Amino acid sequence: MRKLLFLICLCLSFVISKNTYAAVFDFHEVSDSKNPKNNQEPETVVVNIIPHQKNGLFDAKHPVKYNVEVFNNYRTPQDGKISVEVRNITGSIVGISEVDFNVKANNKKMVEWKIPVENPGFYDIIVKINLTEYDDTIRNVFGYKPFEIATPLHKPADFDVFWQKAKDDLHAVNPEYRITPDDILSTPTHQVYLVEMNSLDNVKIYGWLTIPRAKGKYPVLYGLGGYKVEMKPLFFDDFAHFTINVRGIGESNHVINPDNQEILTLHLEDKNKYAYRGIYMDCVRGMDFLLANEKMGLDISRIGLFGGSQGGTLTWIVAGLTQKAIFCVLDNPTFCDFHTNFDICVNRQQPEAGFIIKFLKEFLRRNGNISKEKMLTTLSYFEAQNFISDVKCPSLVGIGLLDLMAPPTCTLSTYNRLNTDLKKKSEFFSFPDMAHEVPMEHNTFKSTWFYEGAVKKLSK
Amino acid sequence: MIKSIVIACFLFLFCNQLLADWPVGKNRTTLIPTYTYFRSAKYFDSTGKVIGFGPGDHFASNTFSLYFAHGLSRRLDLIVNLPYTSVSSSSNGVTQSKAGFGDAQIGLALHFPLKDLKQFITTKAIFILPLYQNVKEPYLGFASKGFQLAANYSFNPLPHTYLITEASYTRYFDQVTGPNQFGYSITCGTMFLDYNYISANLSGIISSSAEKGFNTNLLVNKDFSYGKISLAYGRKIFRNITPYIQGFYTIYGRNAGVGYGASLFAIIKLP
């Protein structure tokens, strides 16, 4: 009797799952042709999954469609199955479709999947292919109605007071700017200066200022660095460049972090002592330095911010806290929304989940008395989406959709909170095949933004 | 022919912008004020043989022009060139002079980016509008409206180096004798040391018309061809100002003046 019940349950679950998922995806064969790469060694199968929208972003007008392209370089036919699985950002299955599949020897076959999704968000699409002599699993990510994504906002009630106090504390510190020409790093076309200054809690930080030697008042590109990345001078023909090495990099690390702990979680137990309160203020001090040194040939009405990863986040933070920038150019910004980032990554086993959640989980493990909620409450003072309403300049944003360090959901949710007028002036680019990076073409495009952005001056 | 040389210079100048900021950029502007001197005392006859003008005869011109390019969008530039020319033509001991605005040019340049936005194909459509009438000699040109279509391909073969190849077709349409002109241009430039620029250009025009005659006032010849080489040197002296000096010389031709000239110009990028 129990065996019978088990069998009935098994059959029912199969029928239910078949009905649930089989109806979700529409599949049809697009082409079956001679493989142009035939007779290549070694014999293998090459699988490409190609979103119909090049940027991997879909909406009601552009329903989600993918082509799965299979090249069979074997000299024998390949039979088996292809399954397409779609998961939401927390890993829950939205739908599965599995079909029998065969491709002749030295042939290629392309099949198309239509994937109906309803809710705005980013989704993993996982294609599994099991053939006679070849198995593979490929993950890709697509967005559906990405500009409608809005993750919950966790803005503390005293957020503005907290940061005003931080700025007051910073401005109570005499910066004592020390500007030293560096003849070794300077070139015939550019003068490089080492710039040292005192920041919050009298921590000494340093940066590099590069000014073209041709006379004139130069717009400034203020570059902000990635996590623990030591910034070096950069050389632009038509811009001055400034970058700051925040606390935790160079000598300042010995002062604030003698035990050399992970800076991401240094003093995370207390929002007033957390390392990033100082790091954000270091970046603000960098802006203070620029504003105080117009006489060096800097056009302080035209300061643009740029950075990638943590540096991307810092552009929004500095833009929001100072409101002295005319544009932000950023890639793959981390720390946009710690809460959602945690939800996305915490259950993933993939190593690419990145260091952020890994370090936060380690912090919780080391500090058993601190709950996840308390930690996230502290981090909510430091996540970019709470600063974004204070950003008053347009942004160019580039992201890799496979990025788990800066998940697209968190970035879009933050970007979507730019005010409507700014969003019209901003631009967003996504790259489905990339993780924590952007392609060369986008890097070149940023210079277009630098020049366009520098046309306008900061309105007073 | 001087008009052709002026046009060629204009194209040459336009190409020079590639080095730093090209296409011009949305809402950005490039200004290039230019002074060009040209003198010719010999000519290529209909077989290409070099023959001297009569004793004391010559053709000379001084041209001031202002080239303006404004980025209407990332890919589309408005381009305008306004020349003011003074010509002196001496034939059989009689010298005639005249000064005035020449052929204004207004058009659009559309850029198509290629690999990683580091190569471009640019197409141009330019309307030519004469700002003078041919009432009394010496004439300042054909006094004919016209249009020019051009396309170029530009890329950086090496860091800080650019190469541009361009082909153009120009048609003057107020008179049945045209002319029709086909042009080519190859420009290579590089930056060296601290903001010193050097560029070399080879360009030429084949102008064809039923009006085959040759006039020592080179501006009115319609059926000719020539090629010229030029060398330019510039140095950035200010954030957005790079003055240049340029010399050019005709190296071959048919029914065209043999001449040399020099230009002073400055590329000014705004803001």
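The values are calculated or read from the model by the stated rules, or taken from the named source; none is laboratory data. Bear in mind that the values here come from a model prediction, so they are computed numbers and not experimental data. Cβ: placed from backbone, ideal geometry, glycine included. Neighbour counts: every protein chain shown.
A few points about this structure:
- Residue match in the range B:149-156 (condition: touching a helix residue (DSSP H, G or I) at 6+ places or on another chain (Cβ under 7 Å), assigned to a strand (DSSP E or B), of a type in the set (Gly, Ala, Ser) and surrounded by fewer than 22 Cβ atoms within 10 Å (Cβ to Cβ)): yes
- Hits in the range A:444-460 (condition: touching a Cys at 6+ places or on another chain (Cβ under 9 Å) and either assigned to a helix (DSSP H, G or I) or more than 14 Å from chain B (Cβ to nearest Cβ) (or both)): A:GLY453
- The one condition in (1) more than 26 Å from A:THR411 (Cβ to Cβ); (2) surrounded by 21 or more Cβ atoms within 10 Å (Cβ to Cβ); (3) of a type in the set (Gly, Ala, Ser) that A:ALA105 fails to fulfil: (2)
- Filter result (within 14 Å of another protein chain (Cβ to nearest Cβ) and in contact with a Pro (Cβ under 9 Å, 6 or more places away or on another chain)) within the range A:397-443: A:GLY398, A:LYS425, A:GLU427, A:PHE431, A:GLU441
- Scanning the range A:408-440 for residues that are among the charged types (D, E, K, R) and either outside any helix (DSSP H, G or I) or crowded, with 16+ Cβ neighbours inside 10 Å (or both) turns up A:ARG417, A:LYS423, A:GLU427, A:ASP433, A:GLU437.
- Per-region count, the range B:249-271, residues more than 14 Å from chain A (Cβ to nearest Cβ) and among the basic types (Lys, Arg): 1
- Condition met for A:LEU194 (of a type in the set (A, V, I, L, M) and buried (at least 16 other Cβ atoms within 10 Å of the Cβ)): no
- Restricting B:TYR153, B:TYR172, B:TYR139, B:TYR184 to residues that are aromatic (Phe, Trp, Tyr), free of Cβ contacts under 8 Å to residues at least 60 places away in the same chain and under 29 Å from B:ASN92 (Cβ atoms) narrows the list to B:TYR172.
- Strands (runs of 3 or more DSSP E) lying entirely in the range B:23-134 (those with 2 or more residues that are away from chain A (no Cβ under 14 Å) and buried (at least 20 other Cβ atoms within 10 Å of the Cβ)): B:29-44, B:58-71, B:76-91, B:103-113, B:119-130
- Test for A:PRO63: is it farther than 30 Å from A:PRO120 by Cα and assigned by TED's automatic domain parsing to the domain that holds A:ASN130: no
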